[in-house]
Amino acid sequence: MLNPKKLQLTSFDFETYGLDVYNRKIKIFSYCIGYIENGKIKVIVKKYSGEGKKILHDYLMNPNYVKIAHNMKYELSILKTNKIPFHKDTLWHDTMIESQMLFNTRHSHSLDSIAYDFFGFTRNLDKKFKEFMKAGYTVDKIPADFLYKYQVADGIRPLLIHYLLFPDIYKDRNLRECYYNEIENIKFTQQEEQFGIKLHQENCTAMKKVLMKGLAGLKKYYREDLNLNSSKQLRKLFYEDLKIKPINFTAKGEPSTDKNTIMQLTKESKDPMLLGIIKNRSYSAALANIQKWEILQDRFGIIHPNINTNWARTGRRSCTNPNLYNINSKAALLNLFPVPLRRCFEPRAGFVLLPVDQAQIELRLIIDAAQEMEVIAYLLDDPDRDLHHLTVECFSMKKIFNFIGDDIFNEGVKIAKNLKINNPKLYSTMRSAYKNTGFAIGYGAGLEKLAQILNKKPNEIYIGYNNFVKRLPKIASFSKDTTAHIEEHGGIKTAFGRFLHVDPAKAYSGANYLIQGTAAEIHKRGQVRCFKFFEKNKFSKWMHINLDIYDENVFETHKSLLKSSEFPAIKNHLSKLMENLDRIKIPLKCEWQIAENNWNEKKDLAI
DNA sequence: ATCATCACG
DNA sequence: ACGTACGTGATGATG
């Protein structure tokens with residue numbers, strides 16, 4: 001029996017039916033609670049009705065029961081949407097997070113996969129359960145004796161896994177700190193998902209209309225039976241019918257028809273037939289996106305994505321169903337037919353969206369990790385300085401310089417400076433073009449790849465590239481240096497002391513793991529600190545994060561709060577929570593913007 | 001299921 | 001032996 005007076009570890013899992021958590025259509029059918037008695041694992045399995053309901057409620061309100069779940073965000077969301085109270089001081093553990101933290105490159109972190117690999121725990125029950133689901137059964141229709149066995153297994157496994165993995169996390173102070181932040185981040189993320197983001201109905205309709213018209217207008221360029229979405233048919237059209245000489249190839253060695261290839265081809269001739277293919281891809285994908293969102297919205301027009309807080313091997317977050325992390329925003333160098341889909345999202349009535357992003361965070365972290373002293377000094381001198389200006393300087397030099405401060409070097413610096421003053425528009429275009437250069441070189445991009453990113457030919461950027469490498473040699477050798485480290489240690493520690501394994505066959509991606517992993521940790525710690533600030537001051541109703549993307553948090557904020565006299569202080573404090581972390585020595589900088597009508601139309605926040 | 005493609009950072 | 005920017009999710013076509 002569970003002892004209500006004694007602190008003890010328990011596992012906890014629901015069986016539910018219905019779909020779509022945040023539409024409140026999920027009902028709890030039954031649950032299991034695992035615990036340990038006299039060195040043996042025991043499992044309580046109950047239906048969520050009558051006496052079973054009361055037992056669960058008592059269990060949830062008792063903070064002596066430490067609750068171990070596998071993917072606790074799901075359990076949390078069920079509790080909250082069903083308005084079932086639980087003790088605010090509950091200690092939670094999540095075995096999925098434990099597995100992700102210790103074995104970031106594992107092929108799967110599902111409960112059955114881990115328990116099988118670590119304990120040889122049978123997966124037959126899971127196989128059968130999946131068969132029932134595939135056949136359209138819901139948990140209430142599954143034979144009771146089978147479901148009982150399945151739930152017992154679900155009570156045992158989290159306890160086994162926690163006992164095996166948690167000590168390795170706990171004994172390392174850094175890892176422990178990261179782990180506790182992950183648990184807090186799940187609480188934040190659950191709330192973020194529940195808030196969700198509102199679809200702008202009128203803009204969705206208007207954009208669909210434009211997209212359909214654009215797609216219909218393309219038909220005249222092609223034979224009627226050509227399927228523009230078929231790369232096989234396009235391959236035939238390009239390389240057999242039009243007799244174009246292949247320049248790029250796919251991973252499997254077939255001649256490629258991707259956007260990059262088409263853009264290279266159109267440099268010779270602006271054939272509408274070629275450009276139309278890019279337009280078709282851009283427009284049809286956008287249309288499919290909007291249609292999917294319209295299906296997924298709840299009855300208030302809100303989209304609730306599923307955000308995996310620690311899914312990626314780098315420790316980054318990821319987003320599914322729908323993925324709101326890859327929405328087309330604005331025109332860019334490599335985006336010929338942009339569809340500003342962020343127009344389809346709006347603040348709730350009475351609110352505005354305040355997107356806040358970490359300025360140039362990846363480049364800043366590379367500079368810090370590579371210890372590129374000239375740039376560190378440049379930044380410490382004034383944290384607001386723009387690092388991309390240095391890149392523009394390098395690419396403004398007429399020849400490869402011999403030493404820093406020689407005539408060639410100084411002239412480049414002067415050209416960049418004058419351009420910034422005299423032609424801000426051209427400067428801005430150039431700056432955003434070269435924005436990706438710094439960290440692409442840091443991650444190991446070569447001349448060819450860089451030319452592709454900049455939409456130029458290798459010989460056009462040869463001088464600039466060489467000047468960058470010569471001026472910032474630590475950034476240029478960062479990828480190589482990190483690769484050597486990976487080959488020796490099998491992985492890399494982030495600035496927070498969290499070890500990330502790296503696939504030995506791709507040791508050269510180590511630089512990326514280090515930077516993405518560190519940035520992700522900064523992002524997730526900032527979210528937890530903001531979340532706690534809102535909870536403590538009880539105004540998450542008026543201001544909350546309802547969406548985030550890698551280095552950006554979107555604060556949905558009530559207009560009355562925005563206009564209040566206390567807002568500047570709140571904004572200032574939140575910035576500090578996101579910027580100031582003991583482990584990060586390089587200055588970070590948050591940039592606030594405001595979007596009043598929709599997520600796409602935004603400007604700098606003047607407050 | 002796998003491939004090719006493309007959006008984000 | 002060589003030299004690579006990276007890691008995500010969604011979609012439609014294909015075998």
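Across region A:283-303, what is the number of residues that are in contact with a strand residue (DSSP E or B) (Cβ under 8 Å, 6 or more places away or on another chain) and not hydrophobic (A, V, I, L, M, F, W, C)? First the steps, then the outcome.
Here is the first cut: in region A:283-303, the ones in contact with a strand residue (DSSP E or B) (Cβ under 8 Å, 6 or more places away or on another chain) are A:293-294, A:296-297, A:300-303.
Then keep just the ones that are not hydrophobic (A, V, I, L, M, F, W, C); that gives A:294, A:297, A:301.
Of the residues in that region, 3 qualify.
Within region A:299-334, if we keep just the residues that are over 21 Å from the mean Cα position of the chain (by Cα) and within 14 Å of DNA strand C (Cβ to nearest atom), the residue that is modelled with the highest pLDDT turns out to be A:334.
Identify all residues within region A:265-294 that are farther than 30 Å from residue A:197 by Cβ and away from DNA strand C (no atom under 15 Å from the Cβ); write none if there are none.
The first filter runs over region A:265-294 and keeps only residues farther than 30 Å from residue A:197 by Cβ, leaving A:265-277.
Scanning region A:265-294 gives A:265, A:266, A:267, A:268, A:269, A:270, A:271, A:272, A:273, A:274, A:275, A:276.
If you filter region A:321-349 down to residues that are within 20 Å of residue A:555 (Cα to Cα) and hydrophobic (A, V, I, L, M, F, W, C), you find that the one that is nearest to DNA strand B (Cβ to nearest atom) is A:327. Within region A:449-472, the only residue that satisfies the criterion of being within 13 Å of DNA strand C (Cβ to nearest atom) and more than 28 Å from residue A:262 (Cβ to Cβ) is A:469.
Against the criterion of being within 12 Å of DNA strand B (Cβ to nearest atom) and either over 30 Å from residue A:103 (Cα atoms) or in contact with a strand residue (DSSP E or B) (Cβ under 8 Å, 6 or more places away or on another chain) (or both), residue A:355 qualifies.
Going by what's in this entry, would residue A:385 be described as of a type outside the set (Gly, Ala, Ser) and part of a loop (DSSP other than H, G, I, E, B)?
Numbers: of a type outside the set (Gly, Ala, Ser): yes; part of a loop (DSSP other than H, G, I, E, B): yes.
Yes; evaluated as a whole, the condition is true for this residue.
Scanning region A:228-272 for residues that are surrounded by 16 or more Cβ atoms within 10 Å (Cβ to Cβ), in contact (Cβ under 8 Å) with a residue 40 or more places away in the chain and either more than 31 Å from the chain's Cα centre (by Cα) or over 25 Å from residue A:214 (Cβ atoms) (or both) turns up just one, A:234. Annotation note: of A:314, A:309, the sole residue that is β-branched (Val, Ile, Thr), farther than 25 Å from residue A:602 by Cα, touching a residue at least 40 places away in the same chain (Cβ under 8 Å) and near DNA strand B (Cβ under 10 Å from one of its atoms) is A:314.
Per the conditions (1) free of Cβ contacts under 8 Å to residues at least 12 places away in the same chain; (2) more than 8 Å from DNA strand B (Cβ to nearest atom), the sole criterion not satisfied by residue A:371 is (1). When restricted to residues that are within 16 Å of DNA strand B (Cβ to nearest atom) and among the aromatic types (Phe, Trp, Tyr), region A:397-452 contains 3.
Of all residues in region A:90-133, those being of a type in the set (Asp, Glu), closer than 30 Å to residue A:502 by Cβ and out of contact with any helix residue (DSSP H, G or I) (no Cβ under 6 Å at 6 or more places or on another chain) number 1. With respect to (1) touching a helix residue (DSSP H, G or I) at 6+ places or on another chain (Cβ under 9 Å); (2) in a strand (DSSP E or B), the lone exception for residue A:600 is condition (2).
Surrounded by 16 or more Cβ atoms within 10 Å (Cβ to Cβ) and farther than 21 Å from residue A:305 by Cβ, is that true of residue A:499?
Details: surrounded by 16 or more Cβ atoms within 10 Å (Cβ to Cβ): yes; farther than 21 Å from residue A:305 by Cβ: yes.
Yes: the conditions hold for residue A:499.
Within region A:424-438, track down each residue that is touching a Ser or Thr at 6+ places or on another chain (Cβ under 7 Å) and polar (S, T, N, Q). Let's see the steps before the verdict.
So in region A:424-438, the residues touching a Ser or Thr at 6+ places or on another chain (Cβ under 7 Å) come out as A:434, A:437-438.
Selection gives A:437 alone.
The values are calculated or read from the model by the stated rules, or taken from the named source; none is laboratory data. Bear in mind the structure is a predicted one, so any value in this text is a computation, not a measurement. For neighbour counting, all protein chains shown are included, and Cβ atoms are generated from backbone atoms with ideal geometry for every residue, glycine included.
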